[in-house]
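The values are calculated or read from the model by the stated rules, or taken from the named source; none is laboratory data. As the structure is a prediction and not an experimental result, all values here were calculated from the model. In this analysis, Cβ positions are derived from the backbone assuming ideal geometry, glycine residues included, and neighbour counts consider all displayed protein chains.
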């Protein structure tokens, strides 16, 4: 159990986190990336955040994969790169991250970083539906409705057949 935040020595915590991150601890790498992204205890440095998120993402840390994808999509600390955003959102979505599945569905729907594909958009948006945080629900429902409007009955039947298989490659 962690002590209350007012009992933690920030310099000691940062030194420990850096040591663990350099040893390859993915959680420490993720936390260090988040600190650099937000400027918590260190100067705000999105490029350095990107480096730490990548190290953790390459080890399968899904929140780092999602954050890395977001940085690439928005061009924070790096040039905008929708293909890299697609790649990292897809890795996190395949690992079961609902927010990443939501984002992946949106990328398929818009054709950002990949070919536009309303069927795959609908599949990923549907997979995200049960696990996405409440703050994203309205946006997700709107995206699902737009995707439904574009699909014919045969495409919807295909989507419904595919949705119950999360974790399966698309």
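Kindly provide the set of residues from the range 102-112 that are free of Cβ contacts under 8 Å to residues at least 40 places away in the same chain and either in a helix (DSSP H, G or I) or in contact with a helix residue (DSSP H, G or I) (Cβ under 7 Å, 6 or more places away or on another chain) (or both), ordered by number. Before you say what the answer is, go through the steps one by one.
Here is the first cut: in the range 102-112, the ones free of Cβ contacts under 8 Å to residues at least 40 places away in the same chain are 103-104, 106-112.
Passing the criteria: 103, 104, 106, 107, 108, 109, 110, 112.
Considering only residues that are in a helix (DSSP H, G or I) and loosely packed, with under 13 Cβ neighbours inside 10 Å, which ones fall in the range 17-39?
If we filter the range 17-39 for residues that are in a helix (DSSP H, G or I), which is where we start, we get 17-22, 26-38.
Passing the criteria: 19, 22, 38.
In the set 60, 96, which member is closer than 28 Å to residue 120 by Cβ, modelled with pLDDT of 95 or more and not in a helix (DSSP H, G or I)?
Details: 96 fails: modelled with pLDDT of 95 or more.
Answer to the selection: 60.
If residue 42 satisfies all but one of (1) modelled with pLDDT of 95 or more; (2) part of a loop (DSSP other than H, G, I, E, B), what's the number of the condition it fails?
For residue 42, the failing item is (1).
Hey, does the range 149-163 have a residue that's buried (at least 19 other Cβ atoms within 10 Å of the Cβ), modelled with pLDDT of 65 or more and touching a helix residue (DSSP H, G or I) at 6+ places or on another chain (Cβ under 9 Å)? Write out each step before concluding.
Residues of the range 149-163 buried (at least 19 other Cβ atoms within 10 Å of the Cβ): 159.
Subset that is modelled with pLDDT of 65 or more: none.
Taking every residue of the range 149-163 in turn, none turns out to be buried (at least 19 other Cβ atoms within 10 Å of the Cβ), modelled with pLDDT of 65 or more and touching a helix residue (DSSP H, G or I) at 6+ places or on another chain (Cβ under 9 Å).
When both residues are 6+ apart or on different chains and their Cβ atoms are under 6 Å apart, which pairs have a first residue that lies in the range 18-34 and is under 8 Å from residue 52 (Cα atoms), and a second that is outside any helix (DSSP H, G or I) and at pLDDT 95 or above?
30/61
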